[in-house]
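To start, the structure itself, in structure tokens.
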Amino acid sequence: MPPTGLIAVNTEDCERCSDDYEDEYEFHASVCVWTRYSDGTVKLRNSNIELMDQDILYHLALGSGSHDLQEMFGDVKFVCMGGAPKRMENFAHFIMSEIGYKLPAGTKLEDISAYSYRYSMYKVGPVLCVSHGMGTPSVSILLHELIKLMYHAKCQDPVFIRIGTCGGIGVEGGTVIITEEALDSHMRNAHEFTILGKTVLRPAKLDKKLARELKALASEDDPYDTIIGKTLCTNDFYEGQGRLDGAFCEFSEAEKMEYLEMLGSKGVVNIEMESTIFAALTYHAGIKAAVVCVALLNRLNGDQVNAPKEVMHEWQNRPQTLISRYICKTLAQKGQLKSLSRGSIKSPRRFKLVQQESQAHE
């Protein structure tokens, strides 16, 4: 019998839910009944929003009454987010080139949420690029409003992807890591909330099928490794991650190493500060999601990031490259990827002649 309040569904007939959830009846039912309308648009698990005259997305400087959110964002299929505003601005320009998206003549990419002074947001066709700040509270605020934005814009089956940096455990700097499980500091695959003074533990699950699809897009020609593993999410950068270089440290180096080695023995390959809240809220909203980070160092060898700036910049581009491959592949499968030869080249024959002429003068 289905749980109280849920409607039985046939998982074999549903294209929206991942195969990984076929045995998780309650989640599958919630995806189909609580978080989606029949056309695939996002349904909120909060009936209060529908009764409001206007829903102000305060931290994004947007509102359901002041902006035509469906016109502005209705075509969004991918929501990519990372910590720093500049990193997401760079990603917006990068993905614009990768998918062949062109801005109208005389215009440039603009920070849609500039007047919020909190997050930065850039839209490149079906891709929304947003900064989320650092740590779980900042990500939580952003995700609540992004999920509501998907609802107001009537976006159909959006995919959320976090692009970040992390400390590796037993993996070298520059390694790209796709999270298969997000664990909190108590090694639980969940995120702990305090709501009305009560503790609520929500599953922090990511889409495993999406993780495998991303891993399959790693190229043998990439000069670095791309792996899948468990991610530890902490509420602190220093003591919470066992660092010896914070303002306070009341444990020994031997205790630190014992802790990190314990994490490694349980399959944890990296540590960061956002994955559990990201996974818990997207899972609760029935949104397919993934976390892809690059390791800036191997924590078994030290605590401080010492790589040169230009090396760090190249490393941080690696997750972006993987995500762009996924977006391009998905758009191509749907016939929505703009080809350079079709979009920008008026005459393929003359284009080839120009190429040959240029090469003759090298």
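At a probe size of 1.4 Å, how large is the accessible area of I141, to the nearest 10 Å²?
For I141, solvent-accessible area is about 70 Å².
In whole percent, what relative contact order does region 27-334 give with Cα contacts below 8 Å and a gap of six or more residues? Intermediate values should be presented prior to the final figure.
Numbers: 584 pairs, mean separation 70.0, N = 308.
Relative contact order for region 27-334 comes out at 23 percent.
How far apart, in nanometres, would the label points at E255 and N48 be if each is projected 7 angstrom from Cα along the Cα-to-Cβ direction?
Going by the 7 Å Cα→Cβ label model, 4.2 nm.
Determine the alpha carbon to alpha carbon distance for each of K209/K256; K205/K309; K108/K309 and list only those over 32 Å.
Working: K209/K256 34 Å; K205/K309 34 Å; K108/K309 28 Å.
Those over the limit are K209/K256; K205/K309.
Under 1.5 on a/c is rounded, so check that first for region 136-242, then, if it is not, pick prolate when a/b is larger than b/c and oblate when it is not; a ≥ b ≥ c are the square roots of the alpha carbon gyration tensor eigenvalues.
Numbers: a/c = 2.15, a/b = 1.22, b/c = 1.76.
In terms of gyration-tensor shape, oblate.
I need the per residue convex hull volume for region 93-197, using only the alpha carbons, in cubic angstrom as a whole number. Could you put the intermediate results ahead of the total?
Values: hull volume 18.9 nm³, N = 105.
Hull volume normalised by residue count: 180 Å³.
For region 27-334, give the percent of accessible area contributed by carbon and sulfur heavy atoms, probe 1.4 Å, rounded to a whole number. Numbers along the way, then the final one.
Details: 7020 of 13910 Å².
Carbon plus sulfur share of accessible area: 50 percent.
Would you check the accessible area of D225, probe 1.4 Å, heavy atoms only, in square angstrom rounded to 10?
D225 has an accessible surface of roughly 100 Å² with all protein chains in place.
If H284, H132, H152 are ordered by their accessible area, calculated over protein heavy atoms with a 1.4 Å probe, which sequence runs from highest to lowest? Provide the component values of the computation, followed by the final result.
Details: H284 60, H132 0, H152 40 Å².
Ranked list, largest accessible area first: H284, H152, H132.
Give me the accessible area per residue for region 27-334, probe 1.4 Å, as a whole number in Å².
Working: 13910 Å² over 308 residues.
I get 45 Å² per residue for this part.
What nm value, rounded to one decimal, do you get for the distance between T321 and K208 when each label is placed 7 Å out toward the C-beta?
2.9 nm
Taking θ as phi - 60°, what are the ³J(HN,Hα) couplings along region 214-228 by the Karplus curve (6.51, -1.76, 1.60), each to the nearest whole Hz, with x for Gly and Pro?
Along region 214-228, the couplings run 5, 4, 5, 8, 5, 9, 5, 7, 5, x, 7, 8, 10, 10, 10 Hz.
Given axes a ≥ b ≥ c from the Cα gyration tensor, I'd like to know whether region 124-172 is rounded (a/c under 1.5), prolate (a/b larger than b/c) or oblate. Could you put the intermediate results ahead of the total?
Values: a/c = 2.91, a/b = 1.83, b/c = 1.59.
Because a/c hits 1.5 or more and a/b exceeds b/c, region 124-172 counts as prolate.
At q = 0.14 Å⁻¹, what log₁₀ I(q)/I(0) does region 27-334 have when each alpha carbon counts as one equal point scatterer in the Debye sum?
-1.09
Nearest 5 is fine: what % of DSSP beta bridges in region 27-334 come out antiparallel, could you say?
Working: 19 of 48 bridges.
Percent antiparallel among DSSP bridges in region 27-334 is about 40.
Once amide H atoms are placed 1.01 Å from N in the peptide plane, what residues at a sequence separation of 5 or more from D207, or on another chain, have their amide H within under 5 Å of its amide H?
Distant-sequence amide H within range of D207: A289.
Suppose each label sits 7 Å from its Cα in the direction of the beta carbon; what would the F193-Q70 distance come out to in nanometres?
Result: 2.8 nm between the two label points.
The values are calculated or read from the model by the stated rules, or taken from the named source; none is laboratory data. Owing to the predicted nature of the structure, the values given are computational and were not obtained by experimental measurement. In this analysis, Cβ positions are derived from the backbone assuming ideal geometry, glycine residues included, and neighbour counts consider all displayed protein chains. Please note that ligands, DNA and RNA were not included when accessible areas were found on the heavy atoms of the full protein model with its side chains. Shrake-Rupley method; radii C 1.70, N 1.55, O 1.52, S 1.80 Å.
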